[in-house]
1. Could you tell me how many of the residues in the range 95-110 are surrounded by 15 or more Cβ atoms within 10 Å (Cβ to Cβ) and assigned to a helix (DSSP H, G or I)?
2. For the structure I just gave you, tell me whether Glu86 is at pLDDT 95 or above and either buried (at least 16 other Cβ atoms within 10 Å of the Cβ) or assigned to a loop (DSSP other than H, G, I, E, B) (or both).
3. Quick check on this structure: which one of Arg136, Arg126 is touching a residue at least 60 places away in the same chain (Cβ under 8 Å) and under 14 Å from the mean Cα position of the chain (by Cα)?
Amino acid sequence: MADGERLASVTWLFGQPERDSVTEQAASPSQPTTADAPRGRHEPPTRAERASRAGEFQRINNVSMHALARRGMSVAEMRDYLIGREFDQHEADEECDRLLGVGLLDDFALAETLIRTLRQRKGLGRSGVTAELRRRRLENDAIEAALEDLDDDELARAIDLAERRAPQLRSLDTETATRRLSGFLMRKGYSSGVVRAAVDRALSRSGESSGPVFR
């Protein structure tokens, strides 16, 4: 065999594995290509991602707006409501922050509204109002601020309630009427001192023509 032919055979023999290795690397799926590389951290979301986020916002927004259309809600009530509708904690917090930002959630305003309703429609005393505000899970700061502005007319309200209730006890003796009227006012959240004064005032009118006559 000629020297040139032997040289060519040796070159082919030792060069072949290198070419095969290059070919295998090019064909290997484990090597990422430019097209498969992940997007950079600061790249804008794709159209599909934007559509998905818009859909998620629309769904939670529909749920929260439907809830607020029925009644006012505290921040804690709304958060629990959304989680109960199978939104996660992060989604619920974000929606509550948004509603706070546009004024649709406001524990301070809700506390003032509830106080007017509880006192004017239900005739609740201070402790009754406080208990209801806490049951609605309003923020402590909102409760304290609302109670500070509460007008100090507990006795006048209790007397008014007692005098309107007293005629229903007309057929009872004074002791029974006192007990029932006192229990009625205490369930409304009035203090014992206010209850005692209001009951005495209401029953003292028993001798008047317009008041109840107790046995």
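1. Here the count works out to 6.
2. no
3. Working: Arg126 fails: under 14 Å from the mean Cα position of the chain (by Cα).
Criteria check complete, one pass: Arg136.
The values are calculated or read from the model by the stated rules, or taken from the named source; none is laboratory data. In this text the structure is predicted, and so the values were computed from the model without any measurement. Here Cβ is always computed from backbone atoms with ideal geometry, including for glycine, and neighbour counts include all displayed protein chains.
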